[in-house]
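Presented below is the structure to which this report refers.
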Amino acid sequence: MRIPRPIVSAILVLSLAACGSDARPAGDSGDIKVGILHSLSGTMAISEVTVRDAELLAIEEINKAGGVLGKQLVPVVEDGASDWPTFAEKATKLIRQDKVATVFGGWTSASRKAMLPVFERYKALLWYPVQYEGLESSPYIFYTGATTNQQIIPGLDYLKEQGKKRLFLVGSDYVFPRTANKIIKAYAAANGMEILGEEYTPLGHTEYSTLVNKVTQARPDAVFNTLNGDSNVAFFKALKSTGATAESMPVLSVSIAEEEVTGIGVDNVVGQPVAWNYYQTTDTSANKAFVKAYKARYGQDKVTSDPMEAGYNAVYLWAEAVKKAGTTEVEAVRKAAGGIALERPEGLVTIDGESQHLYKTARIGIVQPDGLIKQVWDSGEPIKPDPYLKGYPWAAGLAGQ
């Protein structure tokens, strides 16, 4: 029996819809839309705007080099507005309405946790560019920032090597600092370190005199800082007003990079240690090209930082996975991504196909008077990601808490 043409057309439309937004007729020459979702307003804008800028730079560079699969990348930019439900709402829009091939976005773990069920529900792909607390994996997220064993644990190892055994923990009140501090307390218990206090404030908090008094009265050897966003400005100003210096009160930060140093004011953080995987001063040929390109695009006074570089890398890693897969179809890209290795500004990074995290080199740096960060220690080679800390006996059971 011959099927009428309208029914054939309807069947074709339904078949394409079932295959997802990437089911296009062979030879389709349309551009490829990609989503960019960061806080462009609110308390986290101090950090996230420049990550957006770095991702846009990567897209521009890839397009100039011929694009991906012979097509140009078209960014669709949305503002998460430092509000976690808004991140979920905008992620849904990018996937369902804009039909982007992938999304690059987020900063706080709260924003990522809000987006995770959206990407898993629609089987879409998020590239998350910022260091985080670990104890998570998702088949629909690639994590291009550090996980715990590539930043927090090296930071603790550094403090221990410096003889800093009495710590005070200060953080913003959401998932990353609380989970990070749970890990820090387990590490401390196993390594002969003492936690003298643990304090949290809401994101965007600006009154730190009371908290700083608690810190100074406890007289710790060092502070481990997981504050995020512009709260760091108020915290470090309040700390400096007490007469504390980096020598008398070292504060190891894991969310302050070059961009935040500028916002805080270098006089308030000079000499303080930070833990990351990349600095503007990282000595690689790829980094020299990256810094030059970023400054040419956004201004010679601009600085680069770890989250920006991780966002920049994410675009290139996704593009490489798409080229390898020969399609933007999510499952094919996921399968192709494992094992991809690229020389990036921070050095060699490799996608671990099992965890969808990267092998990354850990680096400890000190804030300099010019606002840049000088590396004083590194891991020597990229560290295999261990988001669930399976290689650390003292971390047993943390994932279930």
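Just so it is clear, none of the values below were taken in a lab; they were calculated from the coordinates. Note that the structure is predicted; figures quoted are calculated from it, not measured. Cβ placement follows ideal geometry from the backbone for every residue including glycine, while neighbour counts extend to all protein chains displayed.
Contact annotation: residue pairs with Cβ atoms under 6 Å, 6 or more positions apart or on different chains, pairing a residue in the range 226-238 that is at positive phi with a partner that is surrounded by 22 or more Cβ atoms within 10 Å (Cβ to Cβ) and of a type outside the set (Val, Ile, Thr), are GLY229/MET44.
Considering the range 359-389, and only residues there that are polar (S, T, N, Q) and part of a loop (DSSP other than H, G, I, E, B), the residue that is surrounded by the most Cβ atoms within 10 Å (Cβ to Cβ) turns out to be THR361.
Out of the residues in the range 356-374 that are closer than 30 Å to LEU126 by Cβ and of a type outside the set (Val, Ile, Thr), state the one that is farthest from the chain's Cα centre (by Cα). In this case the residue turns out to be GLY365. Report, ordered by the first and then the second residue, all pairs with beta carbons closer than 7 Å, sequence separation of six or more or different chains, a first member in the range 334-346 that is closer than 20 Å to GLU120 by Cβ, and a second member that is part of a strand (DSSP E or B). Qualifying pairs under 7 Å: ALA337/PHE142; ALA337/ILE351; GLY338/ILE351.
Would you confirm whether or not the range 68-87 contains a residue that is assigned to a helix (DSSP H, G or I), among the basic types (Lys, Arg) and over 29 Å from ASP301 (Cα atoms)? Within the range 68-87 (the criterion being assigned to a helix (DSSP H, G or I), among the basic types (Lys, Arg) and over 29 Å from ASP301 (Cα atoms)), the answer is no, since none of the residues qualifies. The single condition among (1) of a type in the set (Asp, Glu); (2) part of a helix (DSSP H, G or I); (3) without any contact (Cβ under 8 Å) to a residue 24 or more places away in the chain that GLU260 does not meet is (3). Name every residue in the range 208-249 that is surrounded by 21 or more Cβ atoms within 10 Å (Cβ to Cβ) and part of a loop (DSSP other than H, G, I, E, B), in order of residue number. Once the filter is applied, which keeps residues that are surrounded by 21 or more Cβ atoms within 10 Å (Cβ to Cβ) and part of a loop (DSSP other than H, G, I, E, B), the range 208-249 yields TYR208, PRO220, LEU227, ASN228, GLY229, ASP230, MET249. Just one of the numbered conditions (1) part of a strand (DSSP E or B); (2) in contact (Cβ under 8 Å) with a residue 60 or more places away in the chain; (3) surrounded by fewer than 24 Cβ atoms within 10 Å (Cβ to Cβ) is not true of LYS164: (1).
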